[in-house]
Every structure is written in C-alpha cells, then in structure tokens.
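A.B. asks: Right, I'll just put the structure down here and ask away after.
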Amino acid sequence: MHIVAELTLKALKPHGADAWRHYRQALTTACKKSPPPFGSKAYGDIYRDAAGDPYWMAMSLLANAQREGEGAGQLWDLASCTTNDPIASQVRQHAIDESGHSRAYIALLDLAFPGVVEKTLHAQLASLSPGYTRESPREPHGRSPFARPITLDDLIQMNIAEIRTLIHHMLQRPMLVGHCAAERHHRLISILDALLSDETRHIAYTGALIETFARNGEAPTVTGLVQERLVDFNEITRHELRQSVFVSV
Ligand SMILES: [Fe+2]
Ligand SMILES: [Fe+2]
C-alpha cells in the first residue's frame, strides 16, 4: 500500500475507517495508480531543506494563516448554501475550525519567532481569519463561486487536500519545534496537537460522507472521481513545489 494511503487509514482508524470499504478501496487504488508526490522522500527532503531557514519558516506560517482563512470562507459559503442539515452542520464546523487555524498559525509564529511580528501588524494578521462561530450569519459572500450546495466532487477534493495537510503537518512539526525556544515548546506542541486532531477529523468526516455516497449507489463515481481528483491534486502539488509553497487547509 502506498505510504500516503497507509498513513491516512492509520490516522482514521479511531474514527471507524476500517468499516469504510468503498473509501478505503478508492483511496488505496488511486494512490497506487498516481502516487502522490507529497508522500515521497524527495518532497520531505525539499521541505526540510527549506524549513531549516527561520525566515522561510516564518513566511510559511504566514502563508498558512492566509490559506486557512481563505479556505474557511469557501467552506462557510458551501455550508450556507447546503440544504442537507447534517452535512451543512459538519461543513460549517469545518469552516469554524479553519478560521481558528488561521489564528493558530499566527500564534505558532509568535511562539517560534517572538517579536518578529510588530504590534501594528498583528491586527492585520488577525484579520486573515474570518473569526467564524456557530452564531455567525449563515450567508455566503456575494458572487462567491462557492455559494452553492456542496457536491460529492467537493468532498473528494476536500478529502485529498486534507490528507496533504496531514502530511504537511507531520513534516512541519519537528522543524517548527527546532526553531522554538525550549521554554515555549509546551505551548507550541499543544497548538500543534490541536491542529493535528482537527485536520485528522476533517479527513474523517469527508471520508465518512464519501463512503455514504458510495453505499447509496455512487460507488463507481467515487472510484473514478477519487482517481481523477488525485491526479489533478498531484499536478497542483508539483506546481506548488516548483515555487517552494507548502500550504495547508
Ligand atoms: Fe483542515
Ligand atoms: Fe486547517
């Protein structure tokens, strides 16, 4: 089994993924047919090489804060337009999580590189997060391409993106700990643990929904789309790698 499928299914075990026959099969086959570059040793080596530079790492944390904030907005729009309540509720929670992650990345930046962000800039960085809560108005942004009900295709793309996020997290963690002063390790690690738990849950709930679609007559579509979208995502990853970009959602 490809390392990406293996790591994913291991992380999903506590979420009940052993019973997700269709999802497991689709992911395993897709990873075998189109091995994700983010699972290769070369990818990890390039990341570690770049992330040893404190300036690069600080910029990477900022890029992640921005990407998490943008992702939160897109998920919020999808959730706001999805009429299936159980699905909408999970996607809304996902948006709230990513909104919190944007702030978490700024907190990581402050812990690993204290003083690097000036006070005046902090307010601007805080605004990268939309600050969603359960009480936020359930309305999409005007003219958003995500102001529409969520589809199986969206869930598959989200699932693959979250798997890459999990791999990024695993690569990032030891490098970030290495940049952080020992007296702040405890706080840094508690934020990283919370991020890891959330990102694993994002793979899990989208995986469970994909499995439900497959059991309800969409199994061939699931198999085909997981393969197709992994090919697309691998190409996106190669493109980002050429620019030394490692963003997460
Ligand atoms: Fe996520
Ligand atoms: Fe996230």
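A.B. asks: Using beta carbons and a limit of 8 Å, which pairs, at least six apart or on different chains, have the first residue in the range 159-188 and in contact (Cβ under 8 Å) with a residue 40 or more places away in the chain and the second one within 16 Å of ligand 1 (Cβ to nearest atom) and acidic (D, E)?
C.D. replies: Every condition considered, the pairs that remain are E162/E199; T165/E199; L166/E199; H169/E199.
A.B. asks: Also, I was wondering about something else. For residues that are within 16 Å of ligand 1 (Cβ to nearest atom) and under 30 Å from L62 (Cβ atoms), tally how many sit in the range 209-235. Explain how you work it out, then say what you get.
C.D. replies: Looking only at the range 209-235, we keep the residues that are within 16 Å of ligand 1 (Cβ to nearest atom), and these are 209-210, 233.
Okay, now just the ones that are also under 30 Å from L62 (Cβ atoms), so 233.
Selection size over the range 209-235: 1.
A.B. asks: Related question: State all residues of the range 99-124 that are within 16 Å of ligand 1 (Cβ to nearest atom) and either of a type in the set (K, R) or over 17 Å from E135 (Cβ atoms) (or both); if no residue qualifies, say none.
C.D. replies: Result: H101, S102, R103, A104, Y105, L108.
Yes/no per residue for (1) in contact with a Pro (Cβ under 8 Å, 6 or more places away or on another chain); (2) part of a helix (DSSP H, G or I):
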position	(1), (2)
S197	no, yes
H202	no, yes
E211	no, yes
A219	no, yes
L225	no, yes
L230	yes, yes
E235	no, yes
H239	no, yes
V249	no, no
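A.B. asks: Of the residues S129, S102, only one is modelled with pLDDT of 95 or more, touching a Pro at 6+ places or on another chain (Cβ under 9 Å) and more than 30 Å from H22 (Cβ to Cβ); which? Working first, answer last.
C.D. replies: Numbers: S129 fails: touching a Pro at 6+ places or on another chain (Cβ under 9 Å).
Of S129, S102, the one residue that is modelled with pLDDT of 95 or more, touching a Pro at 6+ places or on another chain (Cβ under 9 Å) and more than 30 Å from H22 (Cβ to Cβ) is S102.
A.B. asks: Would you mind finding the one in R67, R92, R48, R21 that is over 30 Å from T221 (Cα atoms) and modelled with pLDDT of 95 or more? Walk me through how you get there before you give the answer.
C.D. replies: Details: R67 fails: over 30 Å from T221 (Cα atoms); R92 fails: over 30 Å from T221 (Cα atoms); R21 fails: over 30 Å from T221 (Cα atoms).
After ruling out the rest, the residue left standing is R48.
A.B. asks: Search the range 89-107 for residues that are aromatic (F, W, Y) and pair each with any residue that is in a helix (DSSP H, G or I) and away from ligand 1 (no atom under 12 Å from the Cβ) when their beta-carbon atoms are under 8 Å apart and the residues are at least 6 apart or on different chains.
C.D. replies: Y105/L61; Y105/L62; Y105/A65
A.B. asks: Further question on the same structure: Out of the residues in the range 151-200 meeting the condition of being under 13 Å from the mean Cα position of the chain (by Cα) and among the hydroxyl-bearing types (S, T, Y), tell me which one is nearest to ligand 1 (Cβ to nearest atom).
C.D. replies: Checked the range 151-200; the qualifying residue nearest to ligand 1 (Cβ to nearest atom) is T165.
A.B. asks: So how many residues does the range 201-227 have that are surrounded by 15 or more Cβ atoms within 10 Å (Cβ to Cβ) and free of Cβ contacts under 8 Å to residues at least 24 places away in the same chain?
C.D. replies: Counting residues in the range 201-227 that are surrounded by 15 or more Cβ atoms within 10 Å (Cβ to Cβ) and free of Cβ contacts under 8 Å to residues at least 24 places away in the same chain gives 1.
A.B. asks: Quick one: would you say E162 is surrounded by fewer than 21 Cβ atoms within 10 Å (Cβ to Cβ) and either assigned to a loop (DSSP other than H, G, I, E, B) or within 15 Å of ligand 2 (Cβ to nearest atom) (or both)?
C.D. replies: no
A.B. asks: Tell me, which residue of the range 62-77 that is crowded, with 22+ Cβ neighbours inside 10 Å and of a type in the set (A, V, I, L, M) is farthest from ligand 1 (Cβ to nearest atom)?
C.D. replies: Per the stated criteria, the residue is A65.
A.B. asks: Does S60 qualify as being out of contact with any Cys (no Cβ under 9 Å at 6 or more places or on another chain), within 23 Å of Q243 (Cβ to Cβ) and among the hydroxyl-bearing types (S, T, Y)?
C.D. replies: Working: out of contact with any Cys (no Cβ under 9 Å at 6 or more places or on another chain): yes; within 23 Å of Q243 (Cβ to Cβ): yes; among the hydroxyl-bearing types (S, T, Y): yes.
So S60 fits the description; yes.
A.B. asks: Have a look at R67, R24 and point out the one that is among the basic types (K, R) and in contact (Cβ under 8 Å) with a residue 24 or more places away in the chain.
C.D. replies: That would be R67, the only listed residue that is among the basic types (K, R) and in contact (Cβ under 8 Å) with a residue 24 or more places away in the chain.
A.B. asks: Can you name every residue in the range 67-124 that is out of contact with any Leu (no Cβ under 7 Å at 6 or more places or on another chain), within 15 Å of ligand 2 (Cβ to nearest atom) and small (G, A, S)?
C.D. replies: Scanning the range 67-124 gives G71, A72, G73, S99, G100, A107.
The values are calculated or read from the model by the stated rules, or taken from the named source; none is laboratory data. Everything quoted here is computed from the prediction, not taken from an experiment. Don't worry about glycine lacking a Cβ; one is built from the backbone with ideal geometry, like all the others, and counts go over all protein chains shown.
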